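The values are calculated or read from the model by the stated rules, or taken from the named source; none is laboratory data. Treat the numbers as computed from the prediction; the structure is a model and nothing was measured. Please note: Cβ atoms are built from the backbone with ideal geometry, for glycine as well, and neighbour counts cover all protein chains shown. Ligands, DNA and RNA are excluded from the accessible area calculation, which covers all protein heavy atoms including side chains. Shrake-Rupley method; radii C 1.70, N 1.55, O 1.52, S 1.80 Å.
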Amino acid sequence: MKKYLVIGNPIEHSLSPKLHSHWIKENSIDAVYDKKKLSETDIKGIITKVKVGKIDGINVTVPFKKSVISFLDQLTPLAKEVQSVNTIF
């Protein structure tokens, strides 16, 4: 089963899990999509989980859109230009 997350702080208000879970179910995809509240010190660990395959992808919301950059192997040209990341895989 694939695992996806949206990360942020605060994150309680995020509707992403509800939205993505609907389409996952609608398309019979073997996956889950959750939300996770992080602190700045948790970022490296969560990205490491993507790199080793424990998490398949992350959507990033405030306040981490810029702070995740230093932990990533590569950026798209647009992410590099605007210094903001929305999706990690």
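Say whether the condition of being of a type in the set (A, V, I, L, M, F, W, C), open to solvent by 70 Å² or more (accessible area, probe 1.4 Å) and assigned to a helix (DSSP H, G or I) is met by at least one residue in the range 8-24. Yes, the range 8-24 has at least one match. Here 52, 68, 62 are screened, and the one residue that is of a type in the set (A, V, I, L, M, F, W, C) and out of contact with any strand residue (DSSP E or B) (no Cβ under 9 Å at 6 or more places or on another chain) is 52. Scanning the range 43-51 for any residue that is out of contact with any Pro (no Cβ under 9 Å at 6 or more places or on another chain) and not in a helix (DSSP H, G or I) turns up nothing. For the range 60-82, a residue qualifies if it is under 16 Å from residue 6 (Cα atoms) and either open to solvent by 90 Å² or more (accessible area, probe 1.4 Å) or in a strand (DSSP E or B) (or both), and the qualifying residues are 60, 66.
Those residues that are surrounded by 14 or more Cβ atoms within 10 Å (Cβ to Cβ) and of a type in the set (A, V, I, L, M), I need them from the range 35-59; list them, please.
Restricting attention to the range 35-59, the residues satisfying the condition of being surrounded by 14 or more Cβ atoms within 10 Å (Cβ to Cβ) are 35-36, 38, 42-43, 46-47, 49-50, 55-59.
Scanning the range 35-59 gives 38, 43, 46, 47, 50, 55, 58.
Just one of the numbered conditions (1) surrounded by 15 or more Cβ atoms within 10 Å (Cβ to Cβ); (2) farther than 18 Å from residue 53 by Cα is not true of residue 3: (2).
The set of residues from the range 35-62 being in contact (Cβ under 8 Å) with a residue 40 or more places away in the chain and of a type in the set (Ser, Thr, Tyr) comprises just one member, 61.
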